[in-house]
Amino acid sequence: MIANRADLINVKELGKHVTRKREAGHLSLRAVAKLTGVSPSTLSRIETAKGFIPDATTLAKLCRWLEIPIERIVGLADSLWTERSQMVVHYPNEPTPSIVEAYLRADPELTPETAYALSELFRIAYEGYRRNVGNSSRQNEGIREKRDSNS
């Protein structure tokens, strides 16, 4: 049996990634369109995942912007996302929360809902930690500069 495009592309997953990154960056659909070269109407259809299947060029552009491997979105949608025993593919420069999410989704012990919830908890904790570490680094730098200028 030959699979069609709808069976190969997990548009719902792609839409989640696009929405998450767009909202995290406080970007409009038009702003993302300028960054990716994908039209705002196409982005909207992907985010809602209602019967729209993007072409290969659109997938490539969005995966590049999202910094995720295209293999995360393309595969036999039914078996890939329900069996979840597949190998996890990620880029070395991919954001850590995205990699953790991929591993959680691949865990056969977790339901898709639990994997998603855990990945969101990790994402929030990770971003909070990064903000705090950045603030304490800048504060320590300021203390060092002040100490050095007094010497």
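The values are calculated or read from the model by the stated rules, or taken from the named source; none is laboratory data. In this text the structure is predicted, and so the values were computed from the model without any measurement. Positions of Cβ are backbone-derived with ideal geometry, glycine not excepted, and every protein chain shown enters the neighbour counts.
General remarks:
- No other residue among Leu29, Leu80 is farther than 19 Å from Tyr126 by Cβ and modelled with pLDDT under 85 apart from Leu80.
- Among the residues making up region 21-44, those that are among the charged types (D, E, K, R) and buried (at least 17 other Cβ atoms within 10 Å of the Cβ) are Lys21, Arg22.
- Tally, over region 83-112, of residues that are hydrophobic (A, V, I, L, M, F, W, C) and modelled with pLDDT of 85 or more: 4
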